[in-house]
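What follows is a set of notes on a single structure, which appears directly below.
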Amino acid sequence: MIRVVVADDQMLVRTGLTMILNAQPGIEVVGEATDGHEAVAVARELRPDVCLFDIRMPGIDGVEATRQLAGPGVEDPMAVVIITTFDLDDYVLGALRAGARGFLLKDAGPELLVQAIHAAANGDALISPDITRRLLTTLASLERPSSPRQPVAPLTEREEDVLLALARGRTNHEIAADLHISLSTVKTHIGALMGKLGARNRVEVAMWAYETGRVGR
């Protein structure tokens with residue numbers, strides 16, 4: 001059972017999200033919050049498998065709440081999915097850099113919402129398809145760090161292949177088909193990439209690919 005905490009200051013939205021998730025087999029909403037401070041407190045108390053946060057909330061916003069629960073330096077980061085009516089680039093990048101494992105628009109629909117919850121619970125990341133292409137373009141246009149972090153060990157040729165596919169927004173199933181390898185092998189390579197790069201999720205792996213110029217050149 002995937003345990004979820006939902007945080008949104010609008011009661012109708014919060015209730016609707018809760019009803020959608022509770023209607024799914026294998027998902028249970030175990031807590032709700034109406035603002036950012038309460039979201040952090042409830043999440044820390046209940047330790048859910050996934051936190052579903054609105055990006056604009058009173059107190060602290062969803063990005064800061066995510067940073068406190070999943071950001072750099074957090075010893076045991078939680079899985080956070082951001083859901084919002086706003087798809088501005090700074091919101092998306094801010095949320096992902098704060099440690100979010102997903103970013104969805106509220107009109108994405110129940111199916112994509114459930115997919116994002118399952119992906120986050122499995123250590124994966126899902127971003128709304130209508131956001132992904134622009135996000136990747138934005139990442140490619142950003143100024144790269146002068147000294148991006150280096151892997152603890154050189155990447156293998158196959159890991160480089162998986163890295164490029166992942167950074168271009170390909171799913172595990174698509175990567176497996178593209179490279180003619182099994183799904184379990186893809187997951188093994190992604191796990192190795194995360195370990196070598198010190199990344200907590202595939203989003204951070206993709207960002208590293210852009211920072212080092214492997215994508216967007």
Report summary line: All conditions in (1) within 17 Å of the chain's Cα centre (by Cα); (2) modelled with pLDDT of 95 or more are true of A33 except (1)
Requested in this report: Those residues that are modelled with pLDDT of 65 or more, touching a helix residue (DSSP H, G or I) at 6+ places or on another chain (Cβ under 8 Å) and open to solvent by 70 Å² or more (accessible area, probe 1.4 Å), I need them from region 108-153; list them, please.
Outcome: P110, R149, V152
Requested in this report: Could you list, in sequence order, all residues of region 87-107 that are in contact with a strand residue (DSSP E or B) (Cβ under 8 Å, 6 or more places away or on another chain), in a loop (DSSP other than H, G, I, E, B) and open to solvent by 20 Å² or more (accessible area, probe 1.4 Å)?
Outcome: D87, R101, K106
**Report entry** D9 outside any strand (DSSP E or B), over 20 Å from R202 (Cα atoms) and out of contact with any Cys (no Cβ under 7 Å at 6 or more places or on another chain)
**Finding:** yes
Requested in this report: Within region 18-25, identify whether any single residue is surrounded by fewer than 18 Cβ atoms within 10 Å (Cβ to Cβ), among the small types (G, A, S), assigned by the TED database to the domain that holds G71 and out of contact with any Pro (no Cβ under 8 Å at 6 or more places or on another chain), and answer yes or no.
Outcome: yes
Query - Some residue of region 89-106 being β-branched (V, I, T) and modelled with pLDDT of 85 or more - result: no
Query - Of all residues making up region 162-213, the number that are open to solvent by less than 20 Å² (accessible area, probe 1.4 Å), in contact with a helix residue (DSSP H, G or I) (Cβ under 8 Å, 6 or more places away or on another chain) and outside any helix (DSSP H, G or I) - result: 2
Query raised in the report: Identify, please: which residue in region 27-56 is of a type outside the set (D, E, K, R) and touching a residue at least 60 places away in the same chain (Cβ under 8 Å) and is, among those, surrounded by the fewest Cβ atoms within 10 Å (Cβ to Cβ)?
Result: I27
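The values are calculated or read from the model by the stated rules, or taken from the named source; none is laboratory data. Every value quoted in this text rests on a predicted model; they were computed, and no experiment measured them. Every residue, glycine as well, gets a Cβ built from its backbone with ideal geometry; the counts of neighbours run over all protein chains shown. Heads up: the accessible areas ignore ligands, DNA and RNA and are worked out on the full protein's heavy atoms, side chains in. Shrake-Rupley method; radii C 1.70, N 1.55, O 1.52, S 1.80 Å.
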